[in-house]
Amino acid sequence: MSATISQAALRELVGGLIAQGKRVAGPCEVKPGCVLYAPLVSSAQLVLEGFIRPANSLKEFIFPKHEELYGYRITGQGIELTEVEPLRAEQVLIAARPCDAAALPILDRVFNWDYKDELYNSRRQLTTIVTLACAAHDDACFCTSVGLGPAAERGSDALLLELGGGEYEVRCLTGKGKSLFDGKLQASERVASLPSGPEKRFEAAVVRAFVKENLESPFWPAQTLACLGCGACAYTCPTCHCFDIVDEGNIERGVRARNWDSCQFALFTLHASGHNPRPNQPSRQRQRIDHKFRIYPEKFGEILCTGCGNCARNCPVGMGVLRVVATLESSASGSAR
Amino acid sequence: MSDKPTEAAACDRPAEFEPKIVAFVCNWCTYLGADLAGTTRLEYPSNVRIIRLPCTGRIDFNLIIKAFEIGADSVLVSGCHPGDCHYTSGNYHARRRWILFRELLGALGFDLGRVYFTWISAAEGHKWQEVVKEITEKTRQMGPYTSLYQSPSAGVGATLVVAPEGGHKGRPYDAGVWGGEAELREACRRLLEEGKVKVVIGYGKRGPVFVTRPEDVEQLVWNDRCLANLTVYLKRKEIRALGRPAIVVKGCDERALVVLEKESQIDRKEMHVLGMACQGLGEAKCESCDVHMPRFADEVIGEADQHPAETGERWKSLQALLALPDADRMSYWATEFERCVKCYACRQVCPMCYCERCLVEKNRPTEIEPSATAKGNFAWHILRAFHLAGRCVGCDECTRACPAGIDLRLLNLSLAKAAEEHFGYRAGMDPKAEELIGAYSLQDKENFIR
Amino acid sequence: MRGADTLSGGPVTIEADMVVLAAAMRPADGVEQLAQKFNVGYDEYGFLLESHPKLRPVETASAGVYICGACQAPKDIPESVAQASAAASKVLITFSASELTREPEIAKINEDTCAACFTCLHACPYHAIEQAEIRTPRGVFVKRTARVNPGLCMGCGTCVAVCPSKSADLEGFTEQEIYSMVESLV
């Protein structure tokens, strides 16, 4: 026994949410061949099949690429600070990939350890995430290598599984999920078979041990030469969360804001003295793998990666975490893959 | 100065729109001309705010953009007549930049009716008065400039998609093998074994590879997935540290070598260029390619038909954009740039973006805001496009690299079209041609300058 | 002698003992090329332009180049000689000083950030920018850079406008100064 919904009813539900004034987002084809998570103005824009996964991640909706922290005005009497209105509208993210949803509990750790980030937390609370299990994967996917899978439930409020014939089985996983689908589901005898994901491409434990012991290895310069130092991987990654704080304005008024940042930029660790502790691309690439597979696990008990493969697909020169890590792992364990 | 009744004076009258005009003028001609208008008591509207600069040559496009960003409704740029420049040629340089910048502004959907260029001499107080009056009145009719960077309501932008197809993301990497791969590997093996080069920068199965040992040449491939422009690696310090390179280039990539050498960034004698004959990769740029065969390589591998493309072919994808009315063009770009996350993939893949400190990384003043806002994104893309005027070789790597699917090539095409139509110039085609920016001609077209 | 009185519109006849005629003058052929070589301006007739008609009648737009005589405007011999003395005195003033004084509006290039594309070098109307090498104290090559010769720079700012990284800046009209002005305008 299961609960199901038809695609048409799902679109109707989405249309209803939009009409209620909620912010609704999901995969859209913004250009032929380019699917991104984007805000929806109509349920017709929602794309449910024909692609592996959107080229961006959901973090934009919880941790925006540009977020104002507060404003300032310099008057004759002094400086006035103005608060920024936090997001009040509820948001619903429809047809997200499990690898996107699973990133959020991972990110919750860093946004709540020594400082509770209210902006992040308030968006998290106001967001309901409905995931759609993956029916297909490509050679950039590696969720199964980091403890996830195409129907992973982590971070999701409700999981949709394809039954075929335009029907989905719906598993409400949290109270938010239940109330979203309340009264919209049909009882059914059909139960979805869980899709199999990509085969495991590496052992995360081997990677973790390698980076711990091989910080100075010639592996890093040899394998990371192609990296051009852009931010495409970090900015499309569901788990990357580094940010830069800037003040923008003029002599009268301005804002303090935070913007996404990437550890691959040459300027990322540049000191005001001119010294850069990560002076070349291999040291920056090494840091990225180290952070994701060793430092974050040591600190928070989670791998900072969900195996979505966006880094590999978006990298203009075909790199990304998978290419480096798979080579690393095979050279570390001595076996050919 | 005239005493125009201001809206503050009469509280029983609704506020009228008072246009804000920012004028960038040169010190020796227009500023003195305005001064003369003042001393001879010629009245002109006080809507104009003057910024005095030593010469129009000092005016870069970012000042014009900044003026609009802070709320100007029209911008005037004015200097000495050609031939009269106090610094002899500053205004010629400025004129050439204006010709190109107007084309870019047009492609972006800026209201060109709000940007004025004039030559006003120190003796032409009357002309200053007339020009300021005319601009103020015209701007008053047009109303405030509210459509700057405005996008249509969220999610609607998809209806303005005008760009051609070319979605290659997701295509498999293991494509068919072209002729020439075995020859290429053999040539590289020979070069490495004989010690003629220390590293081969070439295409591998998954992306660029850097082969330093003869036995590793099997990593090199040559097929219709060899999309990257490898010349970008010639400026990376980690690659330079490996020693004398051999580099694999297609005809389109080779043009970048010409530009880089002209700009003193590389020395052709310090590398070995392996030119590959290319039958086309199925990208939009390939439709109008006339450099299927490399022209300046040390070694050429393979054969391909070298057919000259019709000039009009190159701008075909631009026509749809240029056919849109101004406001729709700006909406189009505003929607595109909403997706920009400022990852700078476009900059990092570009061989011409080699500045050690990019202008977006500069503050004091912050000329380009790094934030991914409408203002920050427009300013960045305008900057990059204009800095590539006469330098972009059309490899379209920026468009391929963009994770948000923005058709950056349209901006570069608009400037390439301007360069070719106005100056007969194509970047990277003729090593002996004079550069576009940094040079000028007495015959540069004037018809938009009053 | 018969002529027309342009004010009254009628013919005029004057009986004179002596008639002195002033012949028209025009500049010599090739003066435009000469002027361009020296970076000196000239008007529509080809007469060379002085810096300022009242305050600097013998200097030109190029520091160190002075003009006198009929190349500047039609004049007779006593005027030419007087102007020549003025120009010569100006030269002596320049040479008799122990230092060359210049207007402070001079361009400077940030050698850390300069990408050595040398667009500024090509654009400078005074050829005041040269290529320079930066080496360590032991002579190891670090990088190339553009460098302004402050003696030749006249402060037009064309280099600043063409510099892609804005490593070039003009003292007195710096990017920061201009931007501050624009920001406070509206």
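Pick from segment B:233-280 the residues that are surrounded by fewer than 18 Cβ atoms within 10 Å (Cβ to Cβ) and within 20 Å of B:Gly180 (Cα to Cα): which of them is nearest to the other protein chains (Cβ to nearest Cβ)? Among residues in segment B:233-280 that are surrounded by fewer than 18 Cβ atoms within 10 Å (Cβ to Cβ) and within 20 Å of B:Gly180 (Cα to Cα), the one nearest to the other protein chains (Cβ to nearest Cβ) is B:Gly280. Name the residues in segment A:251-273 that are under 16 Å from A:Ala232 (Cβ atoms) and away from chain C (no Cβ under 14 Å), would you? Hits for segment A:251-273 are A:Asn259, A:Trp260, A:Asp261, A:Ser262, A:Cys263, A:Gln264, A:Phe265, A:Phe268. Taking (1) buried (at least 19 other Cβ atoms within 10 Å of the Cβ); (2) more than 10 Å from chain B (Cβ to nearest Cβ); (3) over 19 Å from the mean Cα position of the chain (by Cα) in turn, A:Glu248 satisfies each apart from (2). From the list C:Pro104, C:Pro125, the lone residue that is touching a His at 6+ places or on another chain (Cβ under 9 Å) and outside any helix (DSSP H, G or I) is C:Pro125. Among the residues of segment A:300-337, those identified as modelled with pLDDT under 95, surrounded by fewer than 19 Cβ atoms within 10 Å (Cβ to Cβ) and of a type in the set (A, V, I, L, M, F, W, C) are A:Ala326, A:Ala336.
Okay, residues lined up against (1) assigned to a loop (DSSP other than H, G, I, E, B); (2) small (Gly, Ala, Ser); (3) out of contact with any strand residue (DSSP E or B) (no Cβ under 7 Å at 6 or more places or on another chain); (4) facing chain A (nearest Cβ under 9 Å):
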| residue | (1), (2), (3), (4) |
| --- | --- |
| B:Met330 | no, no, yes, no |
| B:Ala334 | no, yes, yes, no |
| B:Val341 | yes, no, no, yes |
| B:Arg357 | yes, no, yes, yes |
| B:Glu369 | yes, no, no, yes |
| B:Gly376 | no, yes, yes, yes |
| B:His381 | no, no, yes, no |
| B:Cys392 | yes, no, yes, no |
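Looking at segment A:126-224, the strands (runs of 3 or more DSSP E) lying wholly inside it that each contain 1 or more residues that are closer than 18 Å to A:Arg97 by Cα sit at A:127-132, A:158-164, A:167-172.
Just so you know, in segment B:122-148 the residues that are at pLDDT below 90 and in contact with a Ser or Thr (Cβ under 9 Å, 6 or more places away or on another chain) include one that is farthest from the other protein chains (Cβ to nearest Cβ), and it is B:Ser147. If you go through segment A:41-62 and keep only what is part of a loop (DSSP other than H, G, I, E, B) and more than 21 Å from the chain's Cα centre (by Cα), you end up with A:Val41, A:Ser42. Among the conditions (1) more than 7 Å from every other protein chain (Cβ to nearest Cβ); (2) in a helix (DSSP H, G or I); (3) modelled with pLDDT of 95 or more, the only one that B:Gln348 does not satisfy is (1). The number of residues in segment B:99-128 being free of Cβ contacts under 8 Å to residues at least 60 places away in the same chain and under 16 Å from B:Cys29 (Cβ atoms) comes to 0.
All conditions in (1) under 28 Å from C:Glu32 (Cα atoms); (2) touching an Asp or Glu at 6+ places or on another chain (Cβ under 7 Å); (3) more than 10 Å from chain C (Cβ to nearest Cβ) hold for B:Gly79, with the sole exception of (2).
B:Pro54 falls short of the stated requirement of being over 23 Å from B:Leu410 (Cα atoms), more than 9 Å from every other protein chain (Cβ to nearest Cβ) and not hydroxyl-bearing (Ser, Thr, Tyr). Applying a threshold of 8 Å to beta carbon distances and a minimum spacing of six or more residues, or different chains, the list of pairs starting in segment C:32-48 at a residue that is more than 9 Å from chain B (Cβ to nearest Cβ) and ending at one that is among the polar types (S, T, N, Q) and surrounded by 13 or more Cβ atoms within 10 Å (Cβ to Cβ) reads C:Phe38/C:Thr60; C:Phe38/C:Ser62; C:Phe47/C:Gln72; C:Leu48/C:Thr60; C:Leu48/C:Gln72. I'm checking my understanding of the structure. Among residues of segment C:113-129 that are more than 7 Å from chain B (Cβ to nearest Cβ) and in contact with a helix residue (DSSP H, G or I) (Cβ under 7 Å, 6 or more places away or on another chain), which one is surrounded by the fewest Cβ atoms within 10 Å (Cβ to Cβ)? Looking at residues that are more than 7 Å from chain B (Cβ to nearest Cβ) and in contact with a helix residue (DSSP H, G or I) (Cβ under 7 Å, 6 or more places away or on another chain), I get C:Ile129. The residue that is farthest from B:Cys355 (Cα to Cα), among those in segment C:159-186 that are within 7 Å of chain B (Cβ to nearest Cβ) and touching a residue at least 60 places away in the same chain (Cβ under 8 Å), is C:Phe173. Once segment C:132-154 is narrowed to residues that are closer than 20 Å to C:Lys166 by Cα and more than 23 Å from the chain's Cα centre (by Cα), the residue that is nearest to the other protein chains (Cβ to nearest Cβ) is C:Arg144.
Contact map, segment A:245-258: first residue under 8 Å from A:Gly71 (Cβ atoms), second residue small (Gly, Ala, Ser), Cβ cut-off under 8 Å, separation 6 or more or different chains; pairs are A:Arg253/A:Gly71; A:Gly254/A:Gly71; A:Val255/A:Gly71; A:Val255/A:Gly249; A:Arg256/A:Gly71.
The values are calculated or read from the model by the stated rules, or taken from the named source; none is laboratory data. As the structure is a prediction and not an experimental result, all values here were calculated from the model. As a convention, Cβ positions derive from the backbone with ideal geometry for all residues, glycine included, and neighbour counts pool all protein chains shown.
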